[in-house]
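Accompanying notes for the structure given below.
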Amino acid sequence: MADTVVGATPDPHASGDDPSRRDFIHIAAGAAAVGAAGALIWPLVDQMNPAGDTLALASIEFDLGKVEPGQQVVVKWRGKPLFVRNRTPEQIAAAVKDDNASDLRDPATDESRHKPGKAQWLVLVGTCTHLGCVPTVGGGDYGGWFCPCHGSHYDTSGRIRKGPAPKNLLVPDYAFLSDTKIKVG
Amino acid sequence: MSGHSTYEPTTGIERWLDTRLPIVRFAHDTALSFPTPKNLNYWYTFGGILALMLGIQLVTGIVLAMHYVPHVDYAFASVERIMRDVNCGWLIRYMHANGASMFFLAVYIHMIRGLYYGSYKAPREVLWILGCLIYLAMMATAFIGYVLPWGQMSFHGAVVITNLFGALPIIGTPITTWLWGGFAVDNPTLNRFFSLHYLLPFVIAGLVILHIWALHVPGNNNPTGVNVKSENDTVPFHPYYTVKDGFAIGVFLLLYASFVFYNPNVLGHADNYIPANPLVTPAHIVPEWYFLPFYAILRAVPDKLGGVLLMFGAIATLFVLPWLDTSKVRSMRYRPTARLYLFIFVLAALVLGYCGGQLPDDPVIGAPSGLMLLDADINSMVWLSRVATLYYFAYFLIILPVLGLTETPLPVPESISEPVLSHPATTPVGAAASPEKRG
Ligand code: HEM
Ligand code: FES
């Protein structure tokens, strides 16, 4: 069809005598189309990422006074469970004793998993690092948590000790506002 | 679609339409006069059954969508309302929920039929691959659909399956966040799942059209696996196979109806009648029965990424099967050794399905225990799954490639008609009219 445009030349075969010009038009048009399609696809993909209001999900404050020693309270934070556990001295001792245990898959000291001087308070994101189930408190071979889905055992510091999960239970960003109040997120 | 058309427009309006949009001709050539091997047995009726099930899922699904509310605060209640208050809602929902199960039952039989008669081999590779794509899309659709009622199994199943992608290095976390539309499975997730659950069945319908197109180019395979040699080997699709498929559909619907009317929840899980609670995971989470074999493969591997890769690998292997089987003989009727290995394969798949429904550390047989190997007792579901998983892959990756080169197949008949015509003594009277009895 392009031939008819260039058809102004009397000899139709002569129309192809400048192929590089035509190639350029083809490539330029093709590239523009690909670029445009790409520019359109990105918004279509990106719209599935967390929306502004989801990202703006407020941080929460939590009053530790509600948690008795040895107990755990589960609160919802960003759609996920948050474990707030008030550990007994024995549970802390058990965790510290295992700081250098050889079966720590994701080595971390107990010290690094709580705020300085607040060894009693363990704040963790309550999703199993395997496939995201909620582990049950007090279960498993190490007295920390046990995940019923595929059998992951966590110790009293929330460290993975046995089972398919690769990582320790996550410690979220949080800070003590006062002795009895924390702010998470 | 292939060959010449035998359609003769009889009325004036048909002739008028035929020169403008030959749609009646197309339907006639595709569904009525299409030359079909005359020896197809009942294993070949599952294609028609599958088409019907897709139709039922589409109709019941669109009706459910008129009453269902895709929001975390209302989804569970809206499904309960469908069950209690919407006129005939219970029927529509039970048809849809059990319809998914029947759909998978039919597709598994359909696929094993293909494995047995070598229907994946040249020139039907594209047909087979399209079938695998349909299966993949069905799995995505059913998984997403199961999330919609927003019960405990819905929610935690969605958590576990979407977290599978989190196993991928680097891109894992961005992908799960992207899938969820947030930091956890939540309202944005449910909303998009509903949108996709509506969309995917139509994608499946499109794939089915391609599948049938690819079928009608080389024509049907058949239980002998021998190519159609002449018109003597075929009969027109109608009335021979419309009636045979119709009968099979009737029997299949009886089974379907017995679930819908007498035991509508037996294939489901009671925990899904508890509203989703992100803070508590049910003690024993299991997927729907049709995913159990893959779930068992996932859990057979002690490593998270390894398990995910192996599970997807189990499906990916199906796609390359046409190039793994080196045998020139299609039908396993004439490959006794391969047939034996295929039976073991089906058994392994069933064992995997069984293991997938049990707890990994459960013993397989009562008494002996305490013999540890690697991370688990030998007498455990995990180890049984490992053995079966190994066989699953060995069948495709080792047995089929090697066997095709080493085995001696039985003599293959010259044509589809030959075995019938040359053994009158072994053939009951009327066998030619019902060759399926020889299957
Ligand atoms: C390939 C075809 C389809 C399959 C395999 C399929 C599968 C499923 C499954 C397994 C469920 C969960 C049932 C339950 O336990 O309650 C479900 C629910 C649902 N599906 Fe589908 N579906 C299909 C097509 C469709 C279509 C075309 C629609 C139309 C929008 C649809 C709409 C729904 C709705 C609204 C629900 C939620 C109500 C309920 O849970 O009963 N489905 N689907
Ligand atoms: S999700 Fe916890 S062990 Fe798999």
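Structural remarks
- Only one entry in B:W178, B:W150 is within 14 Å of another protein chain (Cβ to nearest Cβ), surrounded by 20 or more Cβ atoms within 10 Å (Cβ to Cβ) and modelled with pLDDT of 95 or more, namely B:W150.
- Here the condition is being more than 16 Å from ligand 1 (Cβ to nearest atom) and not in a helix (DSSP H, G or I); of B:I175, B:I170, it holds for B:I170 alone.
- In region B:272-296, the residues that are buried (at least 19 other Cβ atoms within 10 Å of the Cβ) and within 13 Å of chain A (Cβ to nearest Cβ): B:A276, B:P278, B:T281, B:P282, B:I285, B:P287, B:Y295, B:A296
- Only a single criterion out of (1) in contact with a Ser or Thr (Cβ under 6 Å, 6 or more places away or on another chain); (2) more than 10 Å from every other protein chain (Cβ to nearest Cβ) is not satisfied by A:A165, namely (2).
- Residue tally, condition without any contact (Cβ under 8 Å) to a residue 24 or more places away in the chain and either within 16 Å of ligand 1 (Cβ to nearest atom) or under 26 Å from the mean Cα position of the chain (by Cα) (or both), over region B:181-194: 1
- Any hit, region B:125-135, residues being among the aromatic types (F, W, Y), near ligand 1 (Cβ under 8 Å from one of its atoms), assigned to a helix (DSSP H, G or I) and farther than 16 Å from B:F193 by Cα: no
- Of the residues B:S78, B:S33, the single one that is more than 16 Å from ligand 1 (Cβ to nearest atom) and away from every other protein chain (no Cβ under 14 Å) is B:S33.
- From the options B:M111, B:M95, B:M102, B:M153, residue that is within 16 Å of ligand 2 (Cβ to nearest atom) and in a helix (DSSP H, G or I): B:M153
- Looking at B:W178, B:W150, just one residue is without any contact (Cβ under 8 Å) to a residue 12 or more places away in the chain and closer than 24 Å to A:K76 by Cα, and that residue is B:W178.
- Taking region A:38-96 as the range and being of a type in the set (S, T, N, Q) and more than 14 Å from chain B (Cβ to nearest Cβ) as the test, the residues that pass are A:Q71, A:N86, A:T88, A:Q91.
- Qualifying residue in region B:281-292 (condition: within 16 Å of ligand 2 (Cβ to nearest atom) and among the charged types (D, E, K, R)): no
- Within region B:208-216, one or more residues are more than 18 Å from B:V107 (Cα to Cα) and either surrounded by 21 or more Cβ atoms within 10 Å (Cβ to Cβ) or more than 20 Å from the chain's Cα centre (by Cα) (or both).
- Where A:D110 falls short, out of the listed (1) over 16 Å from A:P81 (Cα atoms); (2) touching a Phe, Trp or Tyr at 6+ places or on another chain (Cβ under 9 Å); (3) buried (at least 21 other Cβ atoms within 10 Å of the Cβ): (2)
- Only one of the listed residues (B:Y135, B:Y116) is away from every other protein chain (no Cβ under 14 Å), in contact (Cβ under 8 Å) with a residue 12 or more places away in the chain, more than 16 Å from ligand 2 (Cβ to nearest atom) and within 20 Å of B:L347 (Cβ to Cβ). That residue is B:Y116.
- Check on A:A8, modelled with pLDDT of 90 or more and either more than 14 Å from chain B (Cβ to nearest Cβ) or assigned to a helix (DSSP H, G or I) (or both): no
- Within region A:167-185, the set of residues being in contact with a helix residue (DSSP H, G or I) (Cβ under 6 Å, 6 or more places away or on another chain), surrounded by 15 or more Cβ atoms within 10 Å (Cβ to Cβ) and touching a residue at least 60 places away in the same chain (Cβ under 8 Å) is empty.
- When we screen B:L196, B:L190 for residues that are under 30 Å from A:V137 (Cα atoms) and within 14 Å of chain A (Cβ to nearest Cβ), the only hit is B:L190.
- For B:L133: the one exception among (1) surrounded by 19 or more Cβ atoms within 10 Å (Cβ to Cβ); (2) aliphatic (A, V, I, L, M); (3) in contact with a His (Cβ under 9 Å, 6 or more places away or on another chain): (1)
- Checking region B:228-238 against the condition returns a match, with at least one residue being assigned to a helix (DSSP H, G or I), at pLDDT below 95 and of a type in the set (D, E, K, R).
- Residue, surrounded by the fewest Cβ atoms within 10 Å (Cβ to Cβ), within region A:116-132, restricted to residues that are within 14 Å of chain B (Cβ to nearest Cβ), touching a Lys or Arg at 6+ places or on another chain (Cβ under 9 Å) and not hydroxyl-bearing (S, T, Y): A:V125
- Being within 16 Å of ligand 2 (Cβ to nearest atom) and either touching a helix residue (DSSP H, G or I) at 6+ places or on another chain (Cβ under 6 Å) or of a type in the set (A, V, I, L, M) (or both) is a description that does not apply to A:V96.
- Every listed requirement among (1) in a helix (DSSP H, G or I); (2) within 11 Å of another protein chain (Cβ to nearest Cβ); (3) of a type in the set (V, I, T); (4) touching a residue at least 60 places away in the same chain (Cβ under 8 Å) is met by B:I212 save one, (2).
The values are calculated or read from the model by the stated rules, or taken from the named source; none is laboratory data. Being a predicted model, the structure only gives us computed values, none of them experimental. All Cβ positions, even for glycine, are placed from backbone atoms using ideal geometry, and neighbour counts span all protein chains on display.
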